[in-house]
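The values are calculated or read from the model by the stated rules, or taken from the named source; none is laboratory data. Please read all numbers here as calculations on a predicted model, not as lab measurements. Reconstructed Cβ throughout: ideal geometry from the backbone, glycine too, with neighbour counts over all protein chains shown.
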Amino acid sequence: MSKIHLAIVVGSNNRESINRQYAQALAKLLPAHFSVSYPQIDDLPMYSLDLEGERAASVNRFTSEIGAADAVLIVTPEHNRSLPAVLKNAIDWGSKPMEKNVWFNKPVAITGTSPGAMGAALAQQHLRQIMGILGSVVLGGEAYIQFKPDLITSEGQIGPNSRDFLQAYMDRFVSLAETLKG
Ligand code: FNR
């Protein structure tokens, strides 16, 4: 089975991010032929056309990492019923210039967690719309996860109450990434 590289973009710049913990637990559900990286997004300058002449090294690093990845998993919190600005900024950098849009044709899965009852659902819906516009192949279905202490075990695994659901979600994403890799 050919190796597949998955970039996991965490849409939070909080040091103790629950979404980062959740992302790391999700990575443990992947098969052995998947490798994983976590592209940094909190050091990207705020997007401006004025910065396009000579892009910052952090921007080039980020777009190269996404461009080289076979698939991208976005794990995001919800800010005011949408995605956090730090994540939108990273997506914007990757989308320009249009002919080098790193999101185009990229298999993308979207999930996220929030202590709120809706589990970051609206952020994920909004993100699905954005990634669709950018030409990503977005995994169908939904994974809105309310953050409760039992979501992640003390060993950093997805807890038993959510495990079957999230394993099935990740298995479908693995199939999509394998199919598109060819
Ligand atoms: C939030 N939070 C939040 N939660 C939610 O479920 N829906 C929302 O619309 C918002 N809005 C919101 C706005 C802002 C500015 C902040 C700072 C927070 C709460 C949020 O889900 C909570 O802080 C999570 O812990 C964020 O995830 P990370 O950063 O810990 O991964």
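Things worth noting here:
- Top-ranked residue in segment 1-17 [being within 12 Å of the ligand (Cβ to nearest atom) and more than 15 Å from Val108 (Cα to Cα); ranked as nearest to the chain's Cα centre (by Cα)]: Ser12
- Here the condition is being closer than 19 Å to Ile130 by Cβ and not in a helix (DSSP H, G or I); of Ile91, Ile66, Ile74, it holds for Ile74 alone.
- From the list Tyr38, Tyr47, the lone residue that is closer than 27 Å to Gly159 by Cβ and either within 16 Å of the ligand (Cβ to nearest atom) or in contact (Cβ under 8 Å) with a residue 12 or more places away in the chain (or both) is Tyr38.
- Filter result for Gly53 (away from the ligand (no atom under 16 Å from the Cβ) and assigned to a loop (DSSP other than H, G, I, E, B)): yes
Quick grid of which residues meet (1) more than 29 Å from Arg163 (Cα to Cα); (2) buried (at least 23 other Cβ atoms within 10 Å of the Cβ):
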| residue | (1), (2) |
| --- | --- |
| Gln24 | no, no |
| Leu30 | no, no |
| Tyr38 | no, no |
| Arg55 | yes, no |
| Phe62 | yes, yes |
| Gly67 | yes, no |
| Asn89 | yes, no |
| Pro97 | yes, no |
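- Residues in segment 57-84 that are over 18 Å from Lys3 (Cβ atoms) and in contact with a strand residue (DSSP E or B) (Cβ under 7 Å, 6 or more places away or on another chain): Ile74, Val75, Thr76, Pro77, Glu78.
- Taking the criterion of being of a type outside the set (Gly, Ala, Ser) and either within 15 Å of the ligand (Cβ to nearest atom) or at pLDDT below 95 (or both), the residues of segment 96-141 that qualify are Ile110, Thr111, Thr113, Pro115, Met118, Leu122, Gln124, Gln125, His126, Leu127.
- Restricting segment 99-130 to residues that are aliphatic (A, V, I, L, M) and assigned to a helix (DSSP H, G or I) leaves a set whose member that is surrounded by the fewest Cβ atoms within 10 Å (Cβ to Cβ) is Leu122.
- Each residue in segment 1-20 was checked for being surrounded by fewer than 19 Cβ atoms within 10 Å (Cβ to Cβ) and closer than 17 Å to Ala123 by Cβ, and 3 pass.
- Looking only at segment 56-66, and only at residues there that are out of contact with any helix residue (DSSP H, G or I) (no Cβ under 8 Å at 6 or more places or on another chain) and of a type outside the set (Asp, Glu), the one that is nearest to the ligand (Cβ to nearest atom): Ser58
- Condition check for Arg20: out of contact with any Lys or Arg (no Cβ under 8 Å at 6 or more places or on another chain), part of a helix (DSSP H, G or I) and within 16 Å of the ligand (Cβ to nearest atom): yes
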